[in-house]
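To start, the structure under review is shown below, and the notes come after it.
Each value in this text was obtained by applying a stated rule to the coordinates, not by laboratory testing. Nothing here was measured: the structure is a model prediction, and the numbers come from that model. Backbone-built Cβ (ideal geometry, glycine too); neighbour counts: all protein chains shown.
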Amino acid sequence: MDNQKQPVDFRPDRSRRAQRVYAFQILYSMNFGLTENQLELTFRHFQGESTKDRQPLNTSYAWELISGVHENLRELNRIISRYSRNWRVERIALVEMTIMRLAVYEMLHSKDVPLKVAINEGVELAKTFGDENSRNFVNGILDAVAKDIRNDKLGVGQEF
């Protein structure tokens with residue numbers, strides 16, 4: 001079995017999955033100290049990318065995710081920290097931290113995204129961008145967060 005990661009496919013259907021990947025890339029770049037102005041320039045750079053066989057994405061959902069995670073960063077970090085028992089947030093790899101921020105944001109704020117979908121999409125991002133341990137780590141944290149959301153322990157109820 002080939003362990004090499006496949007390149008990310010920005011589907012022409014402009015799917016939410018493609019927009020999550022796009023949002024992940026922008027959010028990951030934010031870990032390196034982008035200012036608001038640099039964030040906007042980075043977003044515009046990615047938004048304008050196109051080739052003969054790839055068109056720019058309709059980025060409304062991606063931008064909703066990017067701005068939402070950015071605006072709720074402290075809350076998301078606090079929640080992730082609560083569930084990463086033997087790991088301080090500062091010690092979690094940036095890839096996994098970015099994925100979990102994105103997925104937890106969707107769980108809490110995207111009412112049309114079922115918890116199972118947010119978890120699955122987070123795991124898929126971990127498979128694509130993380131190492132061989134990423135998917136299990138991300139899945140464990142997201143599953144615990146989802147359980148408490150279902151039981152209204154985070155103050156946000158969501159139905160399946």
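What to note about this one:
- A full extension of the chain between Lys127 and Lys111 corresponds to an added length of 3.3 nm, given 0.36 nm per residue minus the alpha carbon distance.
- Subtracting the Cα-Cα distance of Ser81 and Phe32 from their residue separation scaled by 0.36 nm leaves 15.6 nm.
- Cleavage-rule hits (GluC sites (Glu not before Pro)) in the stretch 92-160: DSSP loop, at most 12 neighbouring Cβ within 10 angstrom: Glu132, Glu159
- Phi-based couplings in Hz for the stretch 127-134 (Karplus 6.51, -1.76, 1.60; Gly and Pro marked x): 5, 6, 10, x, 9, 5, 9, 4
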